[in-house]
1. Apply 1/(1 + (r/R0)^6) to the Cβ-Cβ distance of residue 254 and residue 332, taking R0 = 45 Å, and write down the FRET efficiency to the nearest 0.05.
2. Do the sum for the chain: with -39,500 (n - 2.57) for every DSSP H run of n ≥ 4, divided by all residues, what is the mean residue ellipticity at 222 nm, to the nearest 500 deg cm²/dmol?
3. For region 213-277, calculate the relative contact order in percent as a whole number, restricting contacts to Cα pairs under 8 Å that are 6 or more residues apart.
4. Compute the signed sum of charges (Lys and Arg +1, Asp and Glu -1) over the other residues within less than 10 Å, Cβ to Cβ, of residue 352.
5. Scan the chain and hand back the longest stretch that contains none of the chymotrypsin sites (Phe, Trp or Tyr not before Pro) lying in DSSP loops with at most 16 other Cβ atoms within 10 Å.
6. Normalised by the number of residues in region 258-370, what is the relative contact order in percent for Cα pairs under 8 Å and 6+ residues apart?
7. Determine how large the accessible area of residue 180 is when every protein chain is in place; take a 1.4 Å probe and give Å² rounded to the nearest 10.
8. Given the Cα-Cα distance of residue 382 and residue 413 and 0.36 nm per residue of separation, how much length would full extension add, in nm?
Amino acid sequence: MPFAKRAQFRAAAVVRNRDRGGSGGGLYHAVADLAPAQMDFEQTPEQVQLRKEVRDFAQREIAPRVMEWDENQIFPVETVKKLGELGYMGAIFPEELGGAGLGYIEYSILIEELARVDASVGLIVAAHTSLCSNHIYLAGSPEQRSRYIPKLATAEWIGCWSLTEPEAGSDAAGTRTTAIRSGDDWVLNGGKTFTTNAHHADVCVAMAVTDRSASQHGISAFILEKGTPGFRVGKKENKLGMRASDTGEVLFQDCRLPACNLLGKPGEGFVDSLRVLDGGRISIAALSIGIAQGAFDAALKYSKTRKQFGRPISEFQAIQHKLADMATSIEAARLLTYRSGWMKDQDQRVTKESSMAKLFASEMAVRVCDEALQIHGGYGFIKDYPVEKFYRDVKLCTIGEGTSEIQRLVIARQLLKS
Ligand SMILES: Cc1cc2nc3c(=O)[nH]c(=O)nc-3n(C[C@H](O)[C@H](O)[C@H](O)COP(=O)(O)OP(=O)(O)OC[C@H]3O[C@@H](n4cnc5c(N)ncnc54)[C@H](O)[C@@H]3O)c2cc1C
């Protein structure tokens, strides 16, 4: 598996960095020690190689079918399985659990390159990896980890993660789904909405209230397997964008689960979800950057070939300024995202940083897609050109895994704490 070698390379890079003065005590520690090697913006050879491999895969396997999948809302099962065979469905998990042993910067590169061609595929991988699988990895028992992570990391099983409910969106702690203890079992009743991958998932991590009086500490997480009596998927949403990624209802009716399906400590499922979202938001930032880069690349190319008033529109200063602003804001978002990925890889808390990256990258990407479409003029409005789809897909990024308004709340809360 190509990823395995990269994991060894990464371990060597960490040792190299430490030997150069990076003590592992974080950026500020390194600055205090006058060890500038920590401030390294260069991509490692294996990051460059990973980007190339994913880009080639996306061009070869995804690009030719993007519009077919989008228009017919086809979930690309075979492509997801191939991504699993390549190690791309478990990038951030250790090799002993079947993962690729990579970090969040590499994971961001992966999501970015997929989204540059088809945001739906990026979203499928992100929900599977950093929400479902990562919740099991973070909070799971050794038995749960070894039962689920290897199968999820290879895409033998596809995962989904259900927090949102019809009445509990931004206020996710307002969950109404219940799990009541019955002997050794738990019995779930209720329903979730807007679950990515719902209709193709073999495994679902879902949050349910186990002690209403304990508020945020009374919500627990459960692992459900497809085929469990009382557990089914409901309506599949017909969406503006991200149409090749399934979004649907997940329903529980007297769904009986053995105690071993409780994930994490009883009552701590919501708190664990917030930790899961810290990492998930890095992936939505990367998704945003990929979409913005795809739209920018299309606009740059178009501006050089489209002629008006006898010359390419790229020669007009108004278009050049748009391109300059777009490229600059993409790079700024990338730096924020890779920094939060780097901090996560150092086991630092990234609540503020991942929210900043997600907020900035998603809002930047909406603006960039708008400008990319504008540069295409009327042709941007028709489906023969890729910007039309980027423009539709990108809006999810300011909504999923917490809206921009909620990111600002999260960031402000962290700022006011200090
Ligand atoms: C395509 C798609 C995929 C998704 N995938 C998943 C998934 O896999 N799993 C999952 O659990 N969820 C998923 N979601 C749900 C997503 O996380 C929620 O849609 C999102 O958190 C917002 O919740 P809501 O839609 O109920 O909006 P609401 O919470 O009703 O918000 C409506 C508006 O009010 C604003 N608002 C709400 N509260 C405040 C406040 N306190 N201050 C200021 N403004 C506020 C919001 O920012 C927004 O503008 C997905 C959603 C979509 C569209």
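1. Values: r = 51 Å, r/R0 = 1.13.
Computed FRET efficiency for residue 254 and residue 332: 0.35.
2. Details: 14 runs with 205 residues, N = 418.
Calculated from helices alone, the mean residue ellipticity at 222 nm is -16000 deg cm²/dmol.
3. Details: 81 pairs, mean separation 32.6, N = 65.
50 percent.
4. Details: positive: 349, 413, 417; negative: 278, 353.
Local charge sum for residue 352: +1.
5. Values: sites that count: 41, 309, 316.
After excluding every exposed loop site, the longest remaining stretch is 42-308.
6. Numbers: 101 pairs, mean separation 44.6, N = 113.
Once divided by the residue count of region 258-370, the mean separation gives 39 percent.
7. 100
8. Details: separation 31, 0.36 × 31 = 11.16 nm, distance 4.24 nm.
Stretched fully, the residue 382-residue 413 segment lengthens by 6.9 nm.
The values are calculated or read from the model by the stated rules, or taken from the named source; none is laboratory data. Note that the coordinates shown come from a computational prediction; the quantities given were computed from them, not determined experimentally. Using ideal geometry, Cβ is built from the backbone for each residue, glycine included, and neighbour counts are taken over all protein chains shown. When the accessible area is computed, the model is the full protein with side chains, heavy atoms only, and any ligands, DNA or RNA have been set aside. Shrake-Rupley method; radii C 1.70, N 1.55, O 1.52, S 1.80 Å.
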